[in-house]
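Working notes for the structure below.
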Amino acid sequence: MKIALSGIGSRHPAAKPDSVPAIRNVSVAIKEGEQIAVIGASGSGKTTLLHVIACALKPSAGHLNLGERDPWSLSTRELQALRGRLFLAPQTPPLPPRQRVVTAVLAGRLPQKSFIASVKSLFYPSDIPGAEMALARFDIAEKLFDRVDRLSGGERQRVGLARALASNASLFLVDEPLSALDPTRSKQAISSLTEAARERGATLVCTLHQVETALTSFPRIIGMKDGAVAFDLPATQVTREMLHALYANKLDELNAPMPMSDELAQPAAPAVMHCR
Amino acid sequence: MTSKTPSAANETYRLPKRLFDARCKACWFVFGLLCLTVASFATLDLQLGKIFSADSAARMGKFLLELTSPTADPAFLRKLWVATFETFAMSLVGTAIAATLGLLLALPASKTHDADPARGRGVTRLLLNALRSIPELMWAALLLISAGLGPFAGTLALGLHTAGVLGRLFAEAIENAPQNAAFALRARGVSEGRVFLYATLPQVLPQLMSYTLYRWENNIRAAAVLGVVGGGGLGQMLSFHMGLFQMPETSSILIAMMLLVALVDVASYGARRVMQR
Amino acid sequence: MTPTSMTNSPGGGMTLATRRDPAWMGRVFWFLAAIVIAWPMLVATEFKPWVLFEPSSLKPTLKFLGDFVPPKLEPGFLTMVAKETWRTVAIATAGIAIAFLIAVPLAIISIRVLSVSALTGRMNLLPASVRYAARTIAILLRSVPELIWALVFVRVVGLGPTAGVLAIALTYGGMLGKVYAEILESGEPHATTSLLRNGSGRLQAFFYGLLPQNSAELTSYTVYRWECAIRSSAVLGFVGAGGLGQQMDTSMKMFAGAEVATMLLVFIALVWIADYASAWLRKALA
């Protein structure tokens, strides 16, 4: 899917209208099937950029085109269909703790399924081989029928990536896919991801903290700083000085990526009192 | 007032906080509560003296003594067993109805995400509150007209009141559920119903089950007494035999009630333990 | 979409040992078990929803419900309802007051933290058995529903609010006693035990150590119980303990829908007011 952003600005939905936007004046054109890494210090607007492209956040300025169409001028129905062709993978894998891995992976196919088929798949998983194949790409096929809360943080992250592969999306927007993985696993995961995207001709936009991985695995790099594009270059042309400028004041992040917490989100139980 | 000469025995800031402060809301409330209590005793015309009189103490003692001599007549025990099972079934079916109805009402009563218009929220919450504020026994008395005497009225009564209680708790659980799983599906244009089934429900299900089990423990106690107004089960037997002053039978019924309540408590505790795994 | 068609190997180049869902048989088993269990339950409760829609029961229901609008608003009737509502509140309040008097000694006696002999090893036999007895009394009082106490007292002291007050007092006395003891024991016992170690009496240790630590929680639980007692006292009216419940029972027996509607509305309003008041106070205390 082709993407074109021109002069995009956006702020968090909870932010006041006169606050500083999270991203501003971002203009990027991405060709179909291209693979791009977005790098930058934390708070530089990488995640917001992904959310804007995923149509999860309406830009407050500028123009967004996905596959030659402006998503925000479409009817609700067309917009939902378009969203079904995108895949946004948040940094914390969005997996309910007590769901089984197979169900969580197959949830990536929900946009293309009817309501009845979705309900049926809850009772008997509709495509076990498909889910298993997606998991095998990240080397965790044996966890197919385990519960998500029995997995480690790294395993959960790989399940989240497997869900992306199991979906039929033509644009992958992946936020920090390696934050809970060790270096070996990281290398394997990112090569599985890029390979799978290449096979199906899907566009891949990936934010990364691991600058080295980004430079070696992606042909094109976008550097973000303070909500704006600092550079947009082929990986071979990114120099050490550019990186230092990008991570100015936050050099520790350049060398050591932020660790991710291993905690699963648990709902807070409201206090209950009963009369007996 | 605020002169700095240290003439007072205690400097003002060293005095303990006054017990009653006119601006302290809780103090006024407690004061109101005290007035309420005094007024209650004053207006109620309680014959507490009567209860502590020798005559009534003797009657009470005789009564309690008779209550500790249960009957073990086989024919009666068979009837008692049927009524006990009926009570148990009422509590179970009533809770099941309540959980289903509560969940159905909790969906429109909860605002699941920021952009959710939740149009039916106010009306559904009003309905839930109304269901909740009328006790089971009142529901049973009301339902006698349409469901007739017997366990069905009692079961429905339990179901309706508990649906109100559970519906509100369920709605709160759904609103407080972590958003990231639902957000990921919503961002892909998945419809709300399926977002609930695939993201929200698996997260809140343990909580919903534990609320339901708590209410089941509650409902077994309610089911035991619903029969007093004609809702079937042990309560109906109790009010019948007590009305005829048949104390041994009454005593057996009370024992059956306590055993049943204890049994359900144990079962519910066990079920909650299993679910935590 | 049968399970067996799932076991084919995937069409792609990979050869994976594909599996059936291991949870499937379990799910089928529990589904069937649920039906087998539910069936006798539905039979025992005479669960026949269609009965509600038979003309013989639908007609009186509709007539009764039709009577609800408009609710009866005659001044004389309203005064009576107001009086009975106050009675309901008064029964609950008086009941809770007596329950409080029962609960406090029960709780203080049954708290282990206040044991002097337990400071140096095991508790002595006599205090241990006294504590155990206090606990048992609280549990016994609580395990009998207030409605049954009311049935008993109606027979001993006759119809009227006295039976209601006593019923609430006994059941709630047991509940409050048990929960008070639980609250007081749940906190950090350090302050209390050090007072006892320094030679203060049990009551002194209670008032200076335990009570200040837990007073907010104790108050909020008591107020919450008061709210519960209001519902109870309305229900107790149905067995002749006076108040709104008794009037409602009479009106229902006469199929006076308009009167029932008024009283239901008043009762709902009363419960909401109690609910808000107690929620507000709990928030103010927190």
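The values are calculated or read from the model by the stated rules, or taken from the named source; none is laboratory data. It should be emphasised that the depicted structure is a prediction, and the values quoted were computed from it without experimental measurement. Backbone-built Cβ (ideal geometry, glycine too); neighbour counts: all protein chains shown.
Taking the conditions exactly as written (within 14 Å of another protein chain (Cβ to nearest Cβ) and either touching a helix residue (DSSP H, G or I) at 6+ places or on another chain (Cβ under 8 Å) or farther than 29 Å from C:Leu244 by Cβ (or both)), does C:Ala150 satisfy them or not? So C:Ala150 passes the test.
Within the range B:187-196, can one find any residue that is at the interface with another protein chain (Cβ under 8 Å from one of its Cβ atoms), part of a helix (DSSP H, G or I) and over 17 Å from B:Leu144 (Cα atoms)? Yes, there is a match, as at least one residue in the range B:187-196 is at the interface with another protein chain (Cβ under 8 Å from one of its Cβ atoms), part of a helix (DSSP H, G or I) and over 17 Å from B:Leu144 (Cα atoms). Only residues that are over 18 Å from the mean Cα position of the chain (by Cα), at pLDDT below 80 and not in a loop (DSSP other than H, G, I, E, B) were counted in the range C:260-286, giving 4.
Tally time: how many residues in the range C:44-56 are surrounded by 11 or more Cβ atoms within 10 Å (Cβ to Cβ) and within 32 Å of the chain's Cα centre (by Cα)?
7
Among the numbered conditions (1) more than 14 Å from chain B (Cβ to nearest Cβ); (2) out of contact with any Pro (no Cβ under 7 Å at 6 or more places or on another chain); (3) closer than 29 Å to A:Ser191 by Cα, the only one that A:Ala56 does not meet is (1). From the list B:Ala147, B:Ala140, B:Ala163, the lone residue that is touching a Leu at 6+ places or on another chain (Cβ under 8 Å) and closer than 25 Å to B:Gly193 by Cβ is B:Ala163.
Going by the conditions given, is C:Ala234 in a helix (DSSP H, G or I) and more than 10 Å from every other protein chain (Cβ to nearest Cβ)? Against the criterion (in a helix (DSSP H, G or I) and more than 10 Å from every other protein chain (Cβ to nearest Cβ)), C:Ala234 does not qualify. Restricting attention to the range C:187-195, does a residue exist that is surrounded by 18 or more Cβ atoms within 10 Å (Cβ to Cβ), touching a helix residue (DSSP H, G or I) at 6+ places or on another chain (Cβ under 9 Å) and within 14 Å of chain A (Cβ to nearest Cβ)? No, every residue in the range C:187-195 fails to be surrounded by 18 or more Cβ atoms within 10 Å (Cβ to Cβ), touching a helix residue (DSSP H, G or I) at 6+ places or on another chain (Cβ under 9 Å) and within 14 Å of chain A (Cβ to nearest Cβ). Does B:Leu205 fit the bill of being surrounded by fewer than 24 Cβ atoms within 10 Å (Cβ to Cβ), modelled with pLDDT of 90 or more, facing chain A (nearest Cβ under 8 Å) and in contact with a Lys or Arg (Cβ under 7 Å, 6 or more places away or on another chain)? It is true that B:Leu205 is surrounded by fewer than 24 Cβ atoms within 10 Å (Cβ to Cβ), modelled with pLDDT of 90 or more, facing chain A (nearest Cβ under 8 Å) and in contact with a Lys or Arg (Cβ under 7 Å, 6 or more places away or on another chain). Restricting A:Glu176, A:Glu78 to residues that are crowded, with 23+ Cβ neighbours inside 10 Å and within 20 Å of B:Ala187 (Cα to Cα) narrows the list to A:Glu176.
If you go through the range A:104-114 one residue at a time, do you hit one that is closer than 30 Å to B:Gln207 by Cα, hydroxyl-bearing (Ser, Thr, Tyr) and surrounded by 17 or more Cβ atoms within 10 Å (Cβ to Cβ)?
no
For (1) more than 21 Å from A:Leu82 (Cβ to Cβ); (2) not in a loop (DSSP other than H, G, I, E, B), each residue gets a yes or a no:
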{"residue": "A:Ala4", "(1), (2)": "no, yes"}
{"residue": "A:Ile8", "(1), (2)": "no, yes"}
{"residue": "A:Pro13", "(1), (2)": "no, no"}
{"residue": "A:Pro17", "(1), (2)": "yes, no"}
{"residue": "A:Asn25", "(1), (2)": "yes, yes"}
{"residue": "A:Ala29", "(1), (2)": "no, yes"}
{"residue": "A:Val38", "(1), (2)": "yes, yes"}
{"residue": "A:Leu49", "(1), (2)": "no, yes"}
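Sub-7 Å Cβ pairs linking a first residue in the range A:7-30 that is within 19 Å of A:Trp72 (Cα to Cα) to a second residue that is exposed (fewer than 13 other Cβ atoms within 10 Å of the Cβ) and hydroxyl-bearing (Ser, Thr, Tyr), at least 6 apart or interchain, are A:Arg11/A:Ser19, ordered by first then second residue. Identify, by number, the condition in (1) at pLDDT below 90; (2) assigned to a helix (DSSP H, G or I); (3) within 31 Å of the chain's Cα centre (by Cα); (4) buried (at least 17 other Cβ atoms within 10 Å of the Cβ) that C:Met6 doesn't meet. Result: C:Met6 passes all but (3).
Can you tell me which residue within the range B:133-164, out of those that are surrounded by 24 or more Cβ atoms within 10 Å (Cβ to Cβ) and within 30 Å of A:Pro97 (Cβ to Cβ), is nearest to the chain's Cα centre (by Cα)? If we take residues in the range B:133-164 being surrounded by 24 or more Cβ atoms within 10 Å (Cβ to Cβ) and within 30 Å of A:Pro97 (Cβ to Cβ), then B:Thr162 is nearest to the chain's Cα centre (by Cα). The criterion of being among the basic types (Lys, Arg) and more than 9 Å from chain A (Cβ to nearest Cβ) does not hold for B:Arg215.
Note on the range C:57-73: among residues that are under 31 Å from the mean Cα position of the chain (by Cα) and in a helix (DSSP H, G or I), the one that is nearest to the other protein chains (Cβ to nearest Cβ) is C:Thr61. When the range C:256-283 is filtered for residues that are loosely packed, with under 15 Cβ neighbours inside 10 Å and not aromatic (Phe, Trp, Tyr), the ones remaining, listed by number, are C:Leu265, C:Ala269, C:Ile273, C:Ala279, C:Lys283.
Checking the conditions here, which among A:Gly67, A:Gly62 is under 22 Å from the mean Cα position of the chain (by Cα), touching a residue at least 40 places away in the same chain (Cβ under 8 Å) and on the phi > 0 side of the Ramachandran plot?
On inspection, the qualifying residue turns out to be A:Gly67.
May I ask you to list the residues in the range B:168-182 that are outside any helix (DSSP H, G or I) and within 8 Å of another protein chain (Cβ to nearest Cβ)? Scanning the range B:168-182 gives B:Ala177, B:Pro178.
Scanning the range A:161-201 for residues that are of a type in the set (Ser, Thr, Tyr) and farther than 19 Å from A:Ala131 by Cβ yields A:Ser170, A:Ser179, A:Thr184, A:Ser186, A:Ser191, A:Thr194. Taking (1) in contact with a Phe, Trp or Tyr (Cβ under 9 Å, 6 or more places away or on another chain); (2) farther than 19 Å from B:Ser251 by Cβ; (3) modelled with pLDDT under 90 in turn, C:Arg155 satisfies each apart from (2). Scanning the range A:130-157 for residues that are over 21 Å from A:Phe87 (Cβ atoms) and not in a helix (DSSP H, G or I), we see that the one that is farthest from the other protein chains (Cβ to nearest Cβ) is A:Ser152. Does A:Ser44 qualify as being outside any helix (DSSP H, G or I), of a type in the set (Ser, Thr, Tyr) and under 23 Å from A:Gln237 (Cβ atoms)? The answer is yes for A:Ser44.
When C:Val130, C:Val144 are screened for being more than 28 Å from C:Leu195 (Cα to Cα) and either among the aliphatic types (A, V, I, L, M) or free of Cβ contacts under 8 Å to residues at least 12 places away in the same chain (or both), only C:Val144 passes. In the range B:198-277, counting only helices (runs of 4 or more DSSP H) that sit wholly within it, the ones holding 3 or more residues that are more than 22 Å from the chain's Cα centre (by Cα) and among the hydroxyl-bearing types (Ser, Thr, Tyr) span B:247-276. Here is the figure for the range C:168-179: residues that are under 17 Å from C:Arg87 (Cα atoms) and either touching a Ser or Thr at 6+ places or on another chain (Cβ under 8 Å) or not in a helix (DSSP H, G or I) (or both) total 1.
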